[in-house]
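**Student:** Sending over a structure as structure tokens; questions will come in a sec.
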There are 4 protein chains.
Amino acid sequence: MYGYSQDSAAYIRRLRRVEGQVRGLQRMVEEDKYCIDILTQISAVTSALESVALGLLEQHLGHCVAGAIAEGGDTAAAKIKEASEAIARLVRS
Amino acid sequence: MYGYSQDSAAYIRRLRRVEGQVRGLQRMVEEDKYCIDILTQISAVTSALESVALGLLEQHLGHCVAGAIAEGGDTAAAKIKEASEAIARLVRS
Amino acid sequence: MYGYSQDSAAYIRRLRRVEGQVRGLQRMVEEDKYCIDILTQISAVTSALESVALGLLEQHLGHCVAGAIAEGGDTAAAKIKEASEAIARLVRS
Amino acid sequence: MYGYSQDSAAYIRRLRRVEGQVRGLQRMVEEDKYCIDILTQISAVTSALESVALGLLEQHLGHCVAGAIAEGGDTAAAKIKEASEAIARLVRS
């Protein structure tokens with residue numbers, strides 16, 4: 001059980017929508033749609049994925065990281081480092 | 001026919017791989033995988049989509065935009081403005 | 001003379017404002033301001049710089065790149081490749 | 001006293017270097033340097049600022065947020081929400 005587990009149905013729904021958007025992108029390429037329209041759709045998919053990531057991250061901080069801190073053991077610092085590295089990957093990607 | 005049309009099979013293959021990665025994300029959520037591993041995978045998908053977008057954009061500049069400029073009509077300025085707006089969406093998303 | 005040269009005074013003004021914002025960031029750290037307020041200000045500076053970059057890029061496409069295409073020589077393809085690489089650095093940074 | 005306070009001298013040094021880079025950008029525009037070289041330099045400044053932001057954020061999580069969680073009061077949830085919003089601004093800028 002993680003922070004996001006209680007909302008996993010909602011996350012799966014959002015990711016199914018993203019999957020549908022990616023299939024839509026394939027169709028646009030197949031049907032030789034205008035490049036700029038494909039780019040606009042890619043920006044929309046990227047934003048949708050980022051938004052899923054930010055939701056997961058907030059719940060991760062509120063559960064896994066907060067749990068480790070509340071327990072007060074050595075894992076707290078490692079969890080914060082791990083979360084910070086994941087944030088850096090999101091910011092740079 | 002657009003700049004990317006000659007490579008559309010390769011773009012579709014890359015987008016199929018992205019679709020598979022998004023399905024993989026759904027499975028990760030269903031199987032209650034660790035949040036940070038899901039975030040890492042989302043960063044990979046986002047990078048793959050950005051890379052598709054940058055490829056399309058380069059071919060768009062080299063064909064559609066270059067074509068409009070070579071023709072020398074009024075559309076050249078509009079094409080450059082349109083491409084610049086698409087670039088801004090990519091940079092900000 | 002490049003595409004942006006006619007607007008260089010405006011770009012310098014915008015970059016002076018960015019310089020002032022960066023000095024403001026130093027002051028915030030010196031005065032031990034709240035971390036989140038510093039982060040908000042960094043996001044503002046980053047957006048201002050991106051906006052300068054997008055302006056320069058649009059003028060670069062409209063002048064340097066368009067000029068190379070209109071001339072019809074071998075440099076056109078190289079200019080498009082160079083611009084695409086600069087766009088990729090902006091998208092990924 | 002915040003998480004970053006112990007390292008404030010190092011942060012100020014990094015921000016002074018950024019200030020110097022921004023002044024360098026003004027000089028490049030004044031001296032009519034090639035657009036692409038200015039764009040490359042802007043990407044470097046943006047990356048340097050993002051790196052400062054990620055450092056501040058990690059220390060914010062490790063001190064302010066961790067402190068609020070350890071205290072166990074109502075502020076913990078608010079601190080996590082506030083940090084998540086700052087992360088979202090960084091990811092989207």
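**Student:** For the protein assembly as shown, what does the alpha-carbon gyration tensor say about shape, rounded, prolate or oblate, given a ≥ b ≥ c as the root eigenvalues, a/c under 1.5 as rounded, and a/b over b/c as prolate?
**Tutor:** The shape class here is oblate.
**Student:** Which residue is it, in chain D, that holds its beta carbon closest to the axis of the D-onto-A rotation, and how many whole angstrom away?
**Tutor:** Taking the axis that maps D onto A, the answer comes out as D:Ile69, 2.
**Student:** In chain A, which GluC sites (Glu not before Pro) fall in coil by DSSP and have 14 or fewer other Cβ atoms within 10 Å?
**Tutor:** Counting only loop positions with at most 14 other Cβ atoms within 10 Å, the GluC sites (Glu not before Pro) in chain A are A:Glu31.
**Student:** Would the range B:47-93 count as rounded, prolate or oblate if I go by the C-alpha gyration tensor, calling it rounded below 1.5 in a/c and otherwise prolate when a/b exceeds b/c, oblate otherwise?
**Tutor:** Oblate, since a/c reaches 1.5 and b/c is not below a/b.
**Student:** Follow-up. From the phi angles alone, apply the Karplus equation (6.51, -1.76, 1.60; θ = phi - 60°) to the range A:26-39 and give each ³J(HN,Hα) in whole Hz, x where the residue is Gly or Pro.
**Tutor:** Values, residue by residue: 4, 4, 4, 5, 4, 8, 6, 5, 5, 3, 5, 5, 5, 4 Hz.
**Student:** Here is a further query. With each run of n ≥ 4 DSSP H residues scored as -39500 (n - 2.57), what mean residue ellipticity at 222 nm is computed for chain A after dividing by its residue count and rounding to the nearest 500 deg cm²/dmol?
**Tutor:** -26500 deg cm²/dmol
**Student:** Placing a label point 7 Å from Cα toward Cβ, how far apart in nm is D:Gly67 from its equivalents in the other copies, listed shortest first to one decimal?
**Tutor:** So the distances to the same position in the other copies read 2.6, 5.6, 6.1 nm.
**Student:** Under 8 Å for C-alpha pairs, at least 6 residues apart: give me the relative contact order for chain D, rounded to a whole percent.
**Tutor:** Reported as a whole number, the value is 34 percent.
**Student:** Quick one: with label points 7 Å out along Cα→Cβ, list the inter-copy distances for D:Arg16 in nm, shortest first?
**Tutor:** Counterpart label points of D:Arg16 in the remaining copies fall at 2.4, 5.8, 5.8 nm.
**Student:** Please compute the volume of the convex hull spanned by the alpha-carbon atoms of chain D and report it per residue in Å³.
**Tutor:** Normalising the Cα hull of chain D by residue number yields 90 Å³.
**Student:** For chain B, take the longest principal axis of its alpha carbons; what is the angle in degrees between that and the long axis of helix B:75-92, to the nearest 10 within 0 to 90?
**Tutor:** 20
**Student:** Using only Cα atoms, locate the centre of the range C:57-87 and the centre of the range A:1-58, then give the distance between them in Å, rounded to an integer.
**Tutor:** 33
**Student:** Put a label point 7 Å from Cα along the Cβ direction on C:Tyr34, then list its distances to the equivalent points in the other copies in nm, shortest first.
**Tutor:** Inter-copy label distances (nm, one decimal, shortest first): 3.4, 4.6, 4.7.
Just so you know, all these numbers are worked out from the coordinates, no wet-lab data involved. What you are looking at is a predicted structure, and each value in this text was computed from that prediction instead of being measured. Ideal geometry is used to build each Cβ from the backbone, glycine not excepted, and the neighbour counts take in all protein chains shown.
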